[in-house]
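The values are calculated or read from the model by the stated rules, or taken from the named source; none is laboratory data. These numbers were taken from a predicted model, which means no experiment stands behind them. Counting neighbours? That spans all protein chains shown, and the Cβs are built from the backbone with ideal geometry, glycine included.
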Amino acid sequence: MDLVKPKRFNGRVPVLSAQEAVNYIPDEATLCVLGAGGGILEATTLITALAEKYQTTQTRVTCH
């Protein structure tokens, strides 16, 4: 599995939208999603973007 990373600008990775971030996750990857809940560090937007990607591409990602 080839890992593609976002380009760095001045040594930093730019802030990505959830849709942009999901595009860097390789097909068949296994993800661990953590958060504090209650709206703090909640990964709802990322999980929604993963679901949308699956609906269009039908490629699997396993989330734990």
Subset of segment 3-62 (residues that are surrounded by 13 or more Cβ atoms within 10 Å (Cβ to Cβ), in contact with a strand residue (DSSP E or B) (Cβ under 8 Å, 6 or more places away or on another chain) and either among the basic types (Lys, Arg) or at pLDDT below 85 (or both)): Ala29, Leu31, Val61
Selection from segment 1-32 of residues that are in a helix (DSSP H, G or I) and either in contact with a His (Cβ under 9 Å, 6 or more places away or on another chain) or not β-branched (Val, Ile, Thr) (or both): Ala18, Gln19, Glu20, Ala21, Asn23
